[in-house]
1. Could you pull out every one of the strands (runs of 3 or more DSSP E) wholly within region 97-203 that has 2 or more residues that are hydroxyl-bearing (S, T, Y) and in contact (Cβ under 8 Å) with a residue 40 or more places away in the chain?
2. Only strands (runs of 3 or more DSSP E) wholly contained in region 328-376 count here; list those with 2 or more residues that are more than 21 Å from S425 (Cβ to Cβ) and small (G, A, S).
3. Give the number of residues within region 168-177 that are of a type outside the set (A, V, I, L, M) and farther than 11 Å from L158 by Cα.
4. Restricting to region 392-442, and then to whatever is part of a loop (DSSP other than H, G, I, E, B) and among the small types (G, A, S), can you tell me which residue is nearest to D376 (Cα to Cα)?
5. Would it be correct to say that L365 is within 21 Å of D314 (Cβ to Cβ), among the aliphatic types (A, V, I, L, M) and either touching a residue at least 12 places away in the same chain (Cβ under 8 Å) or in contact with a Cys (Cβ under 8 Å, 6 or more places away or on another chain) (or both)?
6. Specify which of the listed residues (G229, G181, G177) is surrounded by fewer than 23 Cβ atoms within 10 Å (Cβ to Cβ) and at positive phi.
7. What are the residues in region 280-314 that are within 17 Å of H350 (Cα to Cα) and either among the basic types (K, R) or over 23 Å from the mean Cα position of the chain (by Cα) (or both), if any?
8. Consider region 412-432. How many of its residues are free of Cβ contacts under 8 Å to residues at least 40 places away in the same chain and either more than 23 Å from S47 (Cβ to Cβ) or hydrophobic (A, V, I, L, M, F, W, C) (or both)?
Amino acid sequence: MDPRLPTARRTRVYSAVVGAALAITSLAAASPVSASTAPYLVKDINSAGDSRPTWLTQMGDKLFFVAKTESKGRELWSSNGTSNGTRLVKDIRPGGHGSDINYITAIGDRLYFWANDGVTGTELWTSDGTTAGTKLVADIHPGPEGSDPWGFTELNGLVYFGADNGTTGRDLFRTDGTPAGTQLVKDIQTGTAGAFLYCCVPFMGKLYFIQYDNGGTNLLYKSDGTAAGTKPVRDRAGNLVDGDLGSMAVVGSTLYFGRDLHLWKSNGTPSTTRKISNVGPGRIVGMGGTAYYTAQNGIWATDGTAATTRKLSDLPESWSTLLYTDGETLFIVPSSDQPWISDGTTAGTHVLGKQVTAITEGVVLGGVLYFGGASDEENETYSGPSNCPFGYRFLWRTDGTTDGTYDVNPNIDYCIGELLAVGNSVYFTSDADGHGREIWRYVP
C-alpha cells in the first residue's frame, strides 16, 4: 500500500486489494527434502543482519521476492527452495542503496514491478527471471522523479496499471512490455494533479477500477482499453456509482463491490448494477459460485440477489477477518481468535476448538490452511523478537477439524511473516534461530 495516501484512502484500497487478491495457487514442483520435515531456512541471504524479504510471488515453479544485502541493498531474488538455488536475479541499482522494488506481480511468464535504477526514478520494470531478461519497460515520467506504477492487471494480452507521467496526473496506462507499446489509455481528470487510481479487476472483457480524485469524489470506472471505452459506471437508475468504494471481487458471472457500507453487484450492464444488501463487505471470496463476505456483524453469503443474501454466523472482530478457500471449504480467520470453518451453510459454519490468538496471514495448500498464530501457552513462553509482526509467531495449520488444528513445530518460535504456497511447499519469512528475517520453507 502506498504510504503517501491519506489514511482513509489506504483503508479503502486495502479492502479492495484484499478482496481482489485472495487467490490460491497450486503448481507441481520437485522438493529437495522428503515430506513431513520441519520448516527449514532456505538461505541466510544477509549474514550481517537480515534480508527482510517481502513481496513473495510465484512464477512458474519458483519463488520470487525482494531481499536486502549490505552490499547491494534491496533487489530481486529467486529461489527453487534450496540454498544453492536461491540467487540474486539482477542488481538493478548497483551499490548499497538498492532499487526499492515494490508491487511484484506475475503475469504469464513475466514479472512486473516498480524499481528505481537511480537514474529514471521509480518506473515500470519487467523480468522473466533471468538477469538479461530483467529490464526497464519504459520511462513513463522522464527524469528522476518516476511514475510510481502499480496495480498490474492483465486483460487480452496487455498489462494495465495506474501511473503518473508528470503531465496528466495519475491515470490508467497499458503496456505490451515494450517502450513503444506503453501508453496512456485516458486522461480521466485533466491537469497534473490527476486522481489516485486503484487498478484493476478484469470482468466481462473490461477492467473495473476506482478513481479517487482530489476533490473527494470516488467513482467506479470501466475500460475496454481505449480512451472512448473508458467511462464511469452507472447504476440501474442512470446515476454514477460513487461514494465510499472498495472490496471488489468477481464471483462467477457477477462483480461484487462495497459502496457506502452496502453490498452491490453488477453483471456488466447498468440495469444489473444495484444494491443487494444494506450490510457491506469487508472481504469477499467466491466458493462454488457463491460470494462469501465479512461484515461488521459476521460472515455472510449471497448468490447475487437480496433473497439469497443471508448471514451464516456472528463473528468476533468481523471487519478484520480474513477469508480463504480451496474451492470446497471456507476458512474463516478472525484476528486474535480461533479459526472457523464453513461448508457454506449456517449449520456447517462453526468455530474450531483450539484457542489460537494473533492470527493474521494465511495460505491454503492441499486443503489445509497454514497461518501464523500462537496458543495461550505459546504466548506465555514466547522468547522470540519483541517486534514480531502483528504478534503472529508460530506456524499453525488446520484442515477444518479440531484434531487437525495444531502448531506444525512447537519447538521453534518463527515470528511468521508473509506466507505463500508454491508447488508442494509453504514459504514464509521468519526471524527464527538467530538468522534475522529470512526465507523459510515447509514441505508438509
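1. Where strands (runs of 3 or more DSSP E) fall fully within region 97-203 and carry at least 2 residues being hydroxyl-bearing (S, T, Y) and in contact (Cβ under 8 Å) with a residue 40 or more places away in the chain, they are 102-107, 122-127.
2. 368-375
3. Looking only at that region, the number is 4.
4. Among those that are part of a loop (DSSP other than H, G, I, E, B) and among the small types (G, A, S), it is G404.
5. no
6. Only one candidate qualifies: G177.
7. Result: N297, R310, K311, L312, S313, D314.
8. 1
The values are calculated or read from the model by the stated rules, or taken from the named source; none is laboratory data. A quick note: this is a predicted structure, and the numbers were derived from the prediction, not measured. Virtual Cβ from ideal backbone geometry, glycine too; neighbours counted across all protein chains shown.
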